[in-house]
Amino acid sequence: CEHEFKRAISYVNKYGFHCQCCDDGISYPNKFSYELLNQLKDIYELKNIQHEYSPNWVGRRRYDNYFEYNNKSYILEMDGGFHKNGIYTTSPYGLEERQNIDIEKDELARKHNIDVIRIDCEPSTFENIKTNIIKSKLSLLFDISIIDWDKCNLFAMHNIVKKVCDRFNENPNLTTNDLGKIFGLYATTIASYLKKGTTLGWCNYNPDYEARKFQALKFGHKIDIYDTDTDIHYKFNSIR
């Protein structure tokens with residue numbers, strides 16, 4: 001992705017190499033914001049952009065993004081389910097506790113003369129995030145109409161979604177369960193990735209057809225077929 005950042009060799013030795021921008025462990029909203037800031041940087045000359053921003057004064061906590069513009073400092077937080085309902089988190093903290101942490105982080109940032117901009121990213125869909133960015137303070141700072149939203153969406157989904165689509169294209173007989181075992185993900189997650197990939201033209205995934213194929217593979221029988229017109233033998237998966 002051409003993003004450059006510094007890491008101590010000891011850190012890489014202990015935790016491995018993980019890109020701050022395109023690593024598969026980074027959420028869709030955060031990747032979306034990285035490309036958003038990257039586009040704004042080229043036009044408005046944003047300075048000192050940092051992702052996973054964790055200054056000494058915030059302790060072990062961190063902010064999604066930090067940047068400077070017109071001699072002012074800003075933090076951009078992308079608030080997903082973790083901040084609203086906890087559906088997509090394994091955090092040991094309760095919802096109220098997590099929300100209190102956000103309040104404390106905002107107060108700490110203000111004490112250090114940093115404006116905090118929070119984007120509601122729940123649900124974490126393209127249209128919802130785009131709409132809430134347009135309605136946010138970012139649209140007062142910048143001309144948001146110049147943003148290439150499709151590029152933000154493409155960057156946010158490119159890595160793991162593209163890998164899943166490529167593997168599906170290589171072997172269309174693989175089910176979502178099969179792909180889930182390969183990538184260590186739930187079948188439902190694989191299905192959502194393939195649907196997104198289909199909208200981007202990376203694959204051709206038909207949920208109804210795949211469901212029938214799964215049923216045939218699980219419950220059906222291999223039937224030997226002889227096509228008298230073409231003189232070809234092949235096997236066919238029967239329905240249950």
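Condition check: in a helix (DSSP H, G or I), within 30 Å of K72 (Cα to Cα) and free of Cβ contacts under 8 Å to residues at least 12 places away in the same chain. Does D178 satisfy that? Answer is no for this residue.
For region 71-105, residues that are basic (K, R) and either at pLDDT 80 or above or under 19 Å from Y34 (Cβ atoms) (or both) total 2. Name every residue in region 138-150 that is crowded, with 18+ Cβ neighbours inside 10 Å and in a loop (DSSP other than H, G, I, E, B), in order of residue number. Within region 138-150, just I147 meets the criteria. Residues in region 111-136 that are modelled with pLDDT under 95, out of contact with any helix residue (DSSP H, G or I) (no Cβ under 8 Å at 6 or more places or on another chain) and among the charged types (D, E, K, R): E127 only. Beta carbons closer than 6 Å, at least 6 apart along the sequence or on distinct chains, pair a first residue in region 211-240 that is at pLDDT below 70 with a second that is of a type in the set (F, W, Y) for R240/F219. Within region 151-166, not a single residue is farther than 14 Å from F32 by Cα and in a loop (DSSP other than H, G, I, E, B).
When region 1-56 is filtered for residues that are among the charged types (D, E, K, R), under 24 Å from F126 (Cα atoms), exposed (fewer than 12 other Cβ atoms within 10 Å of the Cβ) and at pLDDT 75 or above, only D42 remains. When residues in region 189-208 are screened for being under 18 Å from the mean Cα position of the chain (by Cα) and of a type in the set (D, E, K, R), 2 of them pass.
The values are calculated or read from the model by the stated rules, or taken from the named source; none is laboratory data. What you see is a predicted model; the values in this text were computed from it and never measured. Here the Cβ is made from the backbone with ideal geometry for all residues, glycine too, and neighbour counts use every protein chain on show.
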